[in-house]
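Accompanying notes for the structure given below.
The values are calculated or read from the model by the stated rules, or taken from the named source; none is laboratory data. Computed from a predicted model, the values in this text were never measured in an experiment. Heads up, the Cβs are rebuilt from the backbone with ideal geometry, glycines too, and the neighbour counts pull from every protein chain shown.
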Amino acid sequence: MPNYDAAHYTPPAPVAEVSLRESGSDALIRNVLLLIDTGADMTLLPRSAVERLGVKPGAGDEYELVGFDG
């Protein structure tokens, strides 16, 4: 059963503490807190973790995030 985080989410939400590694590299970021959403169509990663890994978005790649409440 996942841990529930009441400090960052109201109501408390299921989270996972993960390690991220850039493909083809030894760069590793540990203890990244991610919200578990089993119904999500895609996975979002914290920008701070991605930047620490040195991963750059592809030129022209743009995404719009829209919540269920607008």
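Observations on the structure shown:
- Any pair with Cβ under 7 angstrom, 6 or more apart, that starts in the stretch 6-24 at a residue that is farther than 14 Å from L45 by Cβ and ends at one that is aromatic (F, W, Y) and surrounded by 11 or more Cβ atoms within 10 Å (Cβ to Cβ): P12/Y4; A13/Y4; P14/Y4
- Flag if L33 is of a type outside the set (F, W, Y), closer than 24 Å to V66 by Cβ, assigned to a strand (DSSP E or B) and under 15 Å from the mean Cα position of the chain (by Cα): yes
- Checklist (1) out of contact with any strand residue (DSSP E or B) (no Cβ under 6 Å at 6 or more places or on another chain); (2) outside any loop (DSSP other than H, G, I, E, B) applied to S25, failing item: (2)
- Enumeration of residues in the stretch 14-47 that are among the small types (G, A, S), modelled with pLDDT under 90 and surrounded by fewer than 12 Cβ atoms within 10 Å (Cβ to Cβ): S23, G24, S25, G39, A40
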